[in-house]
Every structure is written in structure tokens, then in C-alpha cells.
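The values are calculated or read from the model by the stated rules, or taken from the named source; none is laboratory data. Remember, it's a predicted structure, so these values are computed and weren't measured experimentally. Here the Cβ positions follow ideal geometry from the backbone for every residue, glycine too, while neighbour counts run over all protein chains shown. Only protein heavy atoms, including side chains, enter the accessible area calculation; ligands, DNA and RNA are left aside. Shrake-Rupley method; radii C 1.70, N 1.55, O 1.52, S 1.80 Å.
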Amino acid sequence: MLDILKPPVLAVQEFFLLAGRTFRNLFRRPHYAADIFLQMDIIGVGSLPIVSLIGFFSGAVMGMQMSKALQQYGAVGQTGQLVALTMVRELGPVLTAIAVAGRNAAGMASELGSMKVTEQIDAMRALGTDPVQKLVKPRLIATATVLPLLTIIADFVGLLGGFVIAYFFLNLSSAQYWNNAWQSLEYRDVTFGLLKPFVFAFAIALVGCYYGLATTGGTQGVGRSTTQAVVTSIILIFILNLFITRIYVSL
Amino acid sequence: MREQGTALAELEREGTVVERPDEQPVLRFEHVTVSFDEIRALDDVSFQVYAGESRVILGAAGSGKTVLLKTALGLIKPDRGRVWVFGQDITEMPEEELFHIRARIGVLFQEGGLFDSLTIEENVGYPLENQPSLRCPPEERRRRVVEALRFVELEHTLDKYPSELSGGMRRRVGIARAIVAEPELVLYDSPTAGLDPITAYTIIALIVKERDLRNITTIMVTHRYQDAHFLANFRWDPQSGRLAPAPPEATRTRFLVLREGRLVFEGTRAELEAASDPYVRKFIRREQ
Ligand SMILES: Nc1ncnc2c1ncn2[C@@H]1O[C@H](COP(=O)(O)OP(=O)(O)O)[C@@H](O)[C@H]1O
Ligand SMILES: [Mg+2]
């Protein structure tokens, strides 16, 4: 019975060891600045199209759904508010993180996994670099920097999607929609809307790197860790989101 | 079955490897055990290698040869036993200190271990750029990289990427990277695996040449007895520029045979060929 539990418990332990080593090295030299910028480019610029598309369409869909519901109370004019709140509080952070998890947790796991099975990770250590410093730290820093920015973009494009619906289909004026959206947002909505992606970044980068570095069993193993990295980081994003939202509503 | 002990007295009694008793081994394993879950990759392995010696490690796939080399580099920590390199106990040494030990060891990995996102020049120069105790200015780095690549006759590939080279060329780049920092000990993991005989000969000739030009302690893992034969019975002849037969004492080559993580044989080539164990004999009937 305990044998069934051993591998997952060991994996969690290994994951926290990696996380601990990354945090301990966060402010310790060497910092591989070039790697950080390269990762920011891959994660940030690379995810821009998909994040914008997802943001736009989910904003538009929310616009439609909310206006339909608001119609019953004769409050279609409040559409901007509901789109803004759902985008900034939930959809923006969560959908952006899921898109980035699908692209970049997978990318990190497969890249580091291939390096692991071709002994490039061993070579790094043998030739004087710490893979945590050289590979994990830049990916974590880049993700934690870029994901909040991507979320801001997704939020904004989502509002734009809602606006397109409001303006062309609901005959709301532009001022009506934007003012309503803007005024509904409280300071803490924005704070939590940006805290979420910052926390999700850890679930993406550390999980992606963990599965990459834990890869065994040749190219097949790389495929396996890539899948596991995506599944685990997405599940973690939802769980973390629940906890952060719980804190938000209790404030 | 363990045919030979590793005690100095025994080595001297054999008369083939004469050691001064005060000489410190370059590499020493004492009762080293490494396990992965249920598998014992190394099981109570003890041996020592002295400066200037050559070691050939034979063994079936999965017998623990790669794990042995990685344990010698401190990349894998033993569960039990101790490992000394250059007289220092590395068993529990922290990674930062290990870098200074590893700076003195060259290694060619079985899978090559070349960084496929870096050019050949960056690959070969990697230790000179990153190894804390080897760091040198860019001009000197480039000079040494070119020199190492010239040694393996690949100085024209500086700006290429590993994926643009053939398997044999990649292996040669790996050798260049292993020796660029002029290490005292070089570890080669299956340097000829998957190569045709002519390319394999080129690789072995480079290994012997490097060993004899700089008198380097060499440990080579292989499944091919032919490779072992060249390492044990040939020396680099600088006059003719190729390998020339040499008496076995001259190359100071000894053999280790691993079986499922256990060291089942240690001795000279003559002793290896006289061995009666069928597992050990499997490795010697592969010539020509
Ligand atoms: N990182 C690892 N995780 C789990 N098992 C491993 C690992 N590395 C090696 N092994 C196992 O240890 C044994 C010895 O492996 P290895 O030293 O690579 O063999 P070889 O002699 O072919 O080089 C094999 O059974 C292998 O499956
Ligand atoms: Mg091997």
C-alpha cells in the first residue's frame, strides 16, 4: 500500500528541493542575463498572439453572456462592469496562465528533458555550471516577469472584445462601456489580478523545469515529461487560483 | 568472482604495474554502492587508478559503466562507500568545491553531451568560460579552442552547430572539449559506440595520442575489445605520426570488468585473456 504512495511523495519532495535550490540561488551570482532575456522573448513575445486571441474571444463571449443575463433586469448598460470584473479577476489571469503553461511548461520540459537524456545536463555540471542557475533560474525569472504583463494585455484585449459586442450588437456608446468598466474596478481587483499570474508563473516554470530535469528513458521519456508538465501545471494553476480567490473574498 | 585485489602489495607482486607505496591514487573507489530504486547500479566497487595509468572498463549494457564514471565526477553521489579524486574525498563535497576538482578532469560523454544550442567554438570553449578555476580572457580562450580543435582536425568547424556534423565528428568535438583545459585525468564513455571501424580507429588513435603526448591518466569505457587492444598495446609515435606497437608495460593498461554493478575482474591484459569466467571471456573474443 505504502509502495503506491512512494513515487508521488518522492516526486513532490524532489520538486520542493528544486524549488528551494532555485530560491536560494535567486540573488546569488552568476546571473545569466542573456538567458533571462532570451526566455522573456520566447515566453513573452512568443505567447503574445495566442494570449491576445484568447483574451479577445473570452471578453467577447463574456460580453454576450452577461448582456443576455442583464437584459432580464434591464441593465444591459452594466455589461462593461461585468466584463471588466470577470476578465481582470478570473479569466485574464487563469486563461493566460493556461495558454502559457501549454506553450512554455511544455517547452521547458521538452527542452530540458532532451538535454537530460543526451547528457547535456551532466556535461553542464561537469564543465562548471549549475543547471539550476543556468537553466531554471532564468526561466523562473522570465516567466514571473512576463506573465503579469501578458495578463494585463489579455485583460485589456478582453475588454476590447467585450466592447466590440457592446458597441456593435448592444448599441452601447463607447463612453458608456468604458466608463462603466473602468469605474467598477477596485484597487484590489488589479492587485489580485496581477498577484495571480505572478504566483502562477512558479507553477509553470518550476513544474516545467522539474519534469524536464527528472526525465529518464530516452526520447519516449521526453514525451512523457512534457505531457506531465502541462497537466500538472494546469491543475496547480486551478488549485492556486482557488486559494488566492479565497483570500481575495475574505478581505 | 574477483580475481585480483587492489592492494598495492598485490599490484607490485604482479610486476606489471610498479607503484611507489607513497604515491597517491588519482582516483580511488572504496566499497562504493550506488542504487536507483531497486537497481544496484554499482555494488561494493573498490579500485584505484594511479597517475599515468590507463584503465579499460568492460561490461555489458546496463552493468554500471556510465554510473561509475559519473560517480567519479561527483555527478552521482554514492549511497555507501567513498570516492577520492586527486587525493581529496569528494563523497560529500558540495557542488561549488566539486567544480574545482572537475576542472582537472576531462570527460567525453556516451551521448556526446554537446550543447546543441551552442556553436562548436562555444561548446569547446565552455569550460574555459564557465569553470570558475579555468576562466580566461576571450582571446586566449579562442586560441586554446582552435588548438584543441586542430588536435582533432576540426579547426574549420568553429562556427558550425553540433547538428551539422556527423557522429564521428561530434565525438571528436567532444574529445576536443574534454582536453581543452589540459586535464590530468580524462574519462571516455564508450567513445566508439555506434561508429564504423575506420572512424572508431580515428577516435581511439586520438585518445592514445592525447594520452602519450601529455602523459594523461586515461579511463575508457568500451564494449569493443579492439579499442582496449589499441589502448593497451600501442603508443603514439610522434616521428611517424601514428600508432606503433608497444610492450604492455609501456602503456600501463589495466582492465576492469563490471557485471550488474559488481567488479568481477581486475588485472592486466594477459590475466584477462587467461580468465576462466565465461562472462569475462565474452569480452575478449571480438578481435579483428
Ligand atoms: N538516473 C538513473 N535512474 C535510474 N536508473 C538508472 C539511472 N542511471 C542508470 N540507471 C540504471 O543503472 C544501471 C547501470 O546503468 P549504466 O551505468 O548507464 O550502464 P552502462 O554500463 O550501459 O553504461 C542500469 O540498470 C540503468 O538502468
Ligand atoms: Mg553507458
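Out of all the residues in the stretch B:42-60, which are open to solvent by less than 10 Å² (accessible area, probe 1.4 Å) and either within 16 Å of ligand 2 (Cβ to nearest atom) or under 12 Å from the mean Cα position of the chain (by Cα) (or both)? Walk me through how you get there before you give the answer.
First, the residues of the stretch B:42-60 that are open to solvent by less than 10 Å² (accessible area, probe 1.4 Å): B:42, B:45, B:47, B:49-50, B:53-59.
Answer for the stretch B:42-60, where residues must be open to solvent by less than 10 Å² (accessible area, probe 1.4 Å) and either within 16 Å of ligand 2 (Cβ to nearest atom) or under 12 Å from the mean Cα position of the chain (by Cα) (or both): B:Leu42, B:Val45, B:Val49, B:Glu53, B:Ser54, B:Arg55, B:Val56, B:Ile57, B:Leu58, B:Gly59.
Within the stretch A:149-174, the residues that satisfy the criterion of being open to solvent by 20 Å² or more (accessible area, probe 1.4 Å) and either part of a helix (DSSP H, G or I) or among the aromatic types (Phe, Trp, Tyr) (or both) are A:Leu149, A:Ile152, A:Ile153, A:Phe156, A:Val157, A:Leu160, A:Phe163, A:Val164, A:Tyr167, A:Phe168, A:Phe169, A:Ser174.
Please verify whether B:Ala250 is touching a strand residue (DSSP E or B) at 6+ places or on another chain (Cβ under 9 Å), aliphatic (A, V, I, L, M) and free of Cβ contacts under 8 Å to residues at least 12 places away in the same chain, treating the condition exactly as stated.
The answer is no for B:Ala250.
Are any of the residues in the stretch B:195-202 at pLDDT 95 or above and either at positive phi or more than 16 Å from ligand 2 (Cβ to nearest atom) (or both)? Looking through the stretch B:195-202, none of the residues is at pLDDT 95 or above and either at positive phi or more than 16 Å from ligand 2 (Cβ to nearest atom) (or both).
Against the condition part of a loop (DSSP other than H, G, I, E, B) and over 22 Å from A:Leu38 (Cα atoms), how does B:Glu139 come out, does it pass? Step through it out loud before you land on a result.
Values: part of a loop (DSSP other than H, G, I, E, B): no; over 22 Å from A:Leu38 (Cα atoms): yes.
No.
When you look at B:Gly113, is it among the small types (Gly, Ala, Ser) and touching a helix residue (DSSP H, G or I) at 6+ places or on another chain (Cβ under 7 Å), yes or no? Yes; evaluated as a whole, the condition is true for this residue. Condition check for B:Glu111 on (1) within 12 Å of ligand 1 (Cβ to nearest atom); (2) open to solvent by less than 10 Å² (accessible area, probe 1.4 Å); (3) within 18 Å of the chain's Cα centre (by Cα): one failure, at (2). With respect to the stated conditions, B:Arg135 fails to be in contact with a Pro (Cβ under 6 Å, 6 or more places away or on another chain) and more than 16 Å from ligand 2 (Cβ to nearest atom). Restricting the first member to the stretch A:198-217 and to residues that are closer than 15 Å to A:Asn104 by Cα and more than 14 Å from every other protein chain (Cβ to nearest Cβ), and the second to residues that are among the β-branched types (Val, Ile, Thr) and away from ligand 1 (no atom under 14 Å from the Cβ), the beta-carbon pairs closer than 6 Å and six or more apart or on different chains are A:Phe200/A:Ile237; A:Ala201/A:Thr143; A:Ala203/A:Ile237; A:Ile204/A:Val100; A:Ile204/A:Thr143; A:Ala205/A:Thr143; A:Val207/A:Thr232; A:Cys209/A:Val136. Criterion first (in a loop (DSSP other than H, G, I, E, B) and on the phi < 0 side of the Ramachandran plot) does A:Leu206 satisfy it? So A:Leu206 does not fit the description; no. Restricted to the stretch A:1-119, the set of helices (runs of 4 or more DSSP H) holding at least 3 residues that are open to solvent by 60 Å² or more (accessible area, probe 1.4 Å) comprises A:2-25, A:33-40, A:46-71. Of all residues in the stretch B:122-145, how many are open to solvent by 30 Å² or more (accessible area, probe 1.4 Å) and under 30 Å from B:Gly194 (Cα atoms)? The qualifying residues number 2.
Only one of the numbered conditions (1) open to solvent by 10 Å² or more (accessible area, probe 1.4 Å); (2) in contact with a Leu (Cβ under 7 Å, 6 or more places away or on another chain); (3) in a loop (DSSP other than H, G, I, E, B); (4) more than 13 Å from every other protein chain (Cβ to nearest Cβ) is not met by B:Ser63, and that is (1).
Scanning the stretch B:73-99 for residues that are within 14 Å of another protein chain (Cβ to nearest Cβ) and either of a type in the set (Asp, Glu) or assigned to a loop (DSSP other than H, G, I, E, B) (or both) yields a count of 11.
Among the candidates B:Glu97, B:Glu121, which residue alone is more than 16 Å from the chain's Cα centre (by Cα) and without any contact (Cβ under 8 Å) to a residue 12 or more places away in the chain?
Numbers: B:Glu121 fails: without any contact (Cβ under 8 Å) to a residue 12 or more places away in the chain.
Checking each option against the conditions leaves just B:Glu97.
Of the strands (runs of 3 or more DSSP E) that lie entirely inside the stretch B:157-254, those containing 2 or more residues that are of a type in the set (D, E, K, R) and open to solvent by 20 Å² or more (accessible area, probe 1.4 Å) span B:234-237.
Check the stretch B:16-38 and report whether any residue there is within 14 Å of ligand 2 (Cβ to nearest atom), part of a strand (DSSP E or B) and modelled with pLDDT of 95 or more. Give the derivation first.
Step one: list which residues in the stretch B:16-38 are within 14 Å of ligand 2 (Cβ to nearest atom), which gives B:34, B:36.
This time we only want the ones that are part of a strand (DSSP E or B), so: B:34, B:36.
Keeping just the survivors that are modelled with pLDDT of 95 or more gives B:34.
Yes: the stretch B:16-38 contains one or more residues that are within 14 Å of ligand 2 (Cβ to nearest atom), part of a strand (DSSP E or B) and modelled with pLDDT of 95 or more.
Residue-level check: of (1) among the small types (Gly, Ala, Ser); (2) out of contact with any helix residue (DSSP H, G or I) (no Cβ under 6 Å at 6 or more places or on another chain); (3) not in a helix (DSSP H, G or I), A:Ala123 misses just (3). Within the stretch B:72-86, the presence of at least one residue that is closer than 26 Å to B:Ala176 by Cα, open to solvent by 20 Å² or more (accessible area, probe 1.4 Å) and of a type in the set (Val, Ile, Thr) is confirmed. Screening A:Ser110 with (1) closer than 18 Å to A:Tyr211 by Cα; (2) of a type in the set (S, T, N, Q); (3) at the interface with another protein chain (Cβ under 8 Å from one of its Cβ atoms) gives one miss only, at (3).
Contact annotation: residue pairs with Cβ atoms under 7 Å, 6 or more positions apart or on different chains, pairing a residue in the stretch B:178-194 that is within 14 Å of B:Asp227 (Cβ to Cβ) with a partner that is within 11 Å of ligand 2 (Cβ to nearest atom) and assigned to a helix (DSSP H, G or I), are B:Asp189/B:Thr66; B:Asp189/B:Leu69. For beta carbons closer than 6 Å, sequence separation of 6+ or different chains, a first residue in the stretch A:115-129 that is at the interface with chain B (Cβ under 7 Å from one of its Cβ atoms) and over 9 Å from B:Glu111 (Cβ atoms) and a second that is among the β-branched types (Val, Ile, Thr) and crowded, with 22+ Cβ neighbours inside 10 Å, the qualifying pairs are A:Ala126/B:Val107.
Give the number of residues within the stretch B:29-60 that are more than 14 Å from every other protein chain (Cβ to nearest Cβ) and more than 9 Å from ligand 1 (Cβ to nearest atom).
Residues of the stretch B:29-60 more than 14 Å from every other protein chain (Cβ to nearest Cβ): B:29-34, B:40, B:42-60.
Remaining after also requiring more than 9 Å from ligand 1 (Cβ to nearest atom): B:29-33, B:43-56, B:58.
The number of residues fulfilling the criteria is 20.
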